[in-house]
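Below is one structure. I have some questions about it.
The values are calculated or read from the model by the stated rules, or taken from the named source; none is laboratory data. Please read these numbers as outputs of a predicted model, since none were measured by experiment. With ideal geometry, Cβ positions are generated from the backbone for all residues, glycine too; neighbour counts draw on all protein chains shown. Keep in mind that these areas ignore ligands, DNA and RNA; they rest on the heavy atoms of the full protein, side chains included. Shrake-Rupley method; radii C 1.70, N 1.55, O 1.52, S 1.80 Å.
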Amino acid sequence: MTLSPTRVPAAGLRRLTATLYGYAFLDEFVLLYPVYALLFADTGLSLWQISSLFVLWSLTGLLVEIPSGAWADAVSRRTLLWLGPLLGAAGFALWVLVPSYWAFAAGFVLWGVRGALGSGALEALVYEELDHHGAAGRYARVMGRAQSAGLLGVVAAMALAGPVLAAGGYQLVGLASVLACLLASAVAAGFPEHGDRRADTGGDGWAVTLRAGLAEARGNRYAARCCSSRPSPPCGARSTSTPRCWSATPASPTAPFRGCCC
């Protein structure tokens, strides 16, 4: 039986959206999120130690954000999406197995790297897959539904964190969080991905892409102002990837890293 041309894109879109919504839900369905501050306090951390952990988390995300955007342009975005939750799982496991300040710090570093790896890579992958199926106009609606799925994951985690904590303590909460991350990684591995990242960057490595993006930011006042005012941009999306402020930088549509901070 031969599928009609109109049904092939529909099947591809269903696979993309189902994977996306499942990933968005599991990525936020982490039972440690509502209670990790309690874990820190019960371990004996002082207020300044807890504050320093959040500073470390923010700095990690900021420092890894730009190179992770170059990696997303040079390698498989799907790889970054399934690798990120594995780092999160390792960090959460450290928190509950060896609860201490340095274990929490290592977990926050892994968590920051996880967030940076997925920042922009998900949006770029979804947009390019929709464009591949001739459905780029559905991008805003699809991503809006993905955000709703993520919010459902947050609500579910908040509802279950208390009962799970009462039943099995932080160890059970941590185990459930690690399992959620592992499931998110497995779901992310099922993302469809068309196109060759090396072909998109002209066969150059990610370092070349990064240098080109930084050079463009220095030479474009709009891009420099945008990058300096938005420390957590969805990098990793080229001008052909996501519809973000491209009209403000009307140069070659194949220029890598254009508008990554918009």
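What distance in nm lies between label points placed 7 Å from Cα along the C-beta direction at Ser51 and Ala10?
It is 5.8 nm.
Give the carbon-plus-sulfur fraction of the accessible surface of region 52-117 in %, rounded to a whole number; probe 1.4 Å, heavy atoms of protein chains only.
Of the solvent-accessible surface of region 52-117, carbon and sulfur hold 83 percent.
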